[in-house]
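For reference, the structure is listed below as structure tokens.
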Amino acid sequence: MKASVIILSHNQKEVIQACLSSLSRQRLCEGDQYEVVVIDNGSIDGTGEMIGGLTYDFPIRYHYIPSTEQSSRAAARNKGITIANGDVIVFLDGDQLAGSDFIYEHLRVHKLAGGNLS
């Protein structure tokens, strides 16, 4: 099973690297995997350049949404969902840290439910 972790960010250059680093320490069941999709909601602090210079053992996809009057967290989440290709979608904010079982537990519960969780 594959999880897509969608991280919403706005001017979080100083903290999002810690969030991504926390995701690099995930424990998974054999065969499970995850990707990270960073949705940058109009940052002007160099977040994208900083993320572009990082290397982790999981794929990171970065998408920038220019700031407009229609910008919103909901629009950013929806864009993340359209980009993601996992079986399970998990949302984080750029200033949150994930424990080492964060993705494992999400996937475990979905497996137990037979994919019947919404």
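Observations on the model:
- Residue match in region 12-21 (condition: out of contact with any helix residue (DSSP H, G or I) (no Cβ under 9 Å at 6 or more places or on another chain) and buried (at least 21 other Cβ atoms within 10 Å of the Cβ)): yes
Here is a yes/no grid of residues against (1) modelled with pLDDT under 95; (2) open to solvent by 80 Å² or more (accessible area, probe 1.4 Å); (3) hydroxyl-bearing (Ser, Thr, Tyr):
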residue: 75; (1), (2), (3): yes, no, no
residue: 82; (1), (2), (3): no, yes, yes
residue: 86; (1), (2), (3): no, no, no
residue: 89; (1), (2), (3): no, no, no
residue: 94; (1), (2), (3): yes, no, no
residue: 99; (1), (2), (3): no, no, no
residue: 104; (1), (2), (3): no, no, yes
residue: 112; (1), (2), (3): yes, yes, no
residue: 117; (1), (2), (3): yes, no, no
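- Top-ranked residue in region 39-64 [being touching a helix residue (DSSP H, G or I) at 6+ places or on another chain (Cβ under 6 Å) and open to solvent by less than 40 Å² (accessible area, probe 1.4 Å); ranked as nearest to residue 110 (Cα to Cα)]: 39
- Members of region 14-28 found to be under 15 Å from the mean Cα position of the chain (by Cα) and part of a helix (DSSP H, G or I), listed by number: 15, 16, 17, 18, 19, 20, 21, 22, 23
- Selection of first residues in region 101-117 that are within 16 Å of residue 91 (Cα to Cα) and of second residues that are assigned to a helix (DSSP H, G or I) and at pLDDT 90 or above, restricted to Cβ pairs under 6 Å at least 6 apart or on distinct chains, gives the following pairs, ordered by first then second residue: 117/110.
- Every pair of residues 6+ apart whose Cβ atoms lie under 9 Å, when the first sits in region 57-84 and is farther than 26 Å from residue 25 by Cα and basic (Lys, Arg) while the second is assigned to a loop (DSSP other than H, G, I, E, B) and open to solvent by 50 Å² or more (accessible area, probe 1.4 Å): 73/10
The values are calculated or read from the model by the stated rules, or taken from the named source; none is laboratory data. From a predicted model like this one, the values you see are computed outputs, not experimental measurements. Reconstructed Cβ throughout: ideal geometry from the backbone, glycine too, with neighbour counts over all protein chains shown. Surface accessibility is based on the protein's heavy atoms, side chains included, excluding ligands, DNA and RNA. Shrake-Rupley method; radii C 1.70, N 1.55, O 1.52, S 1.80 Å.
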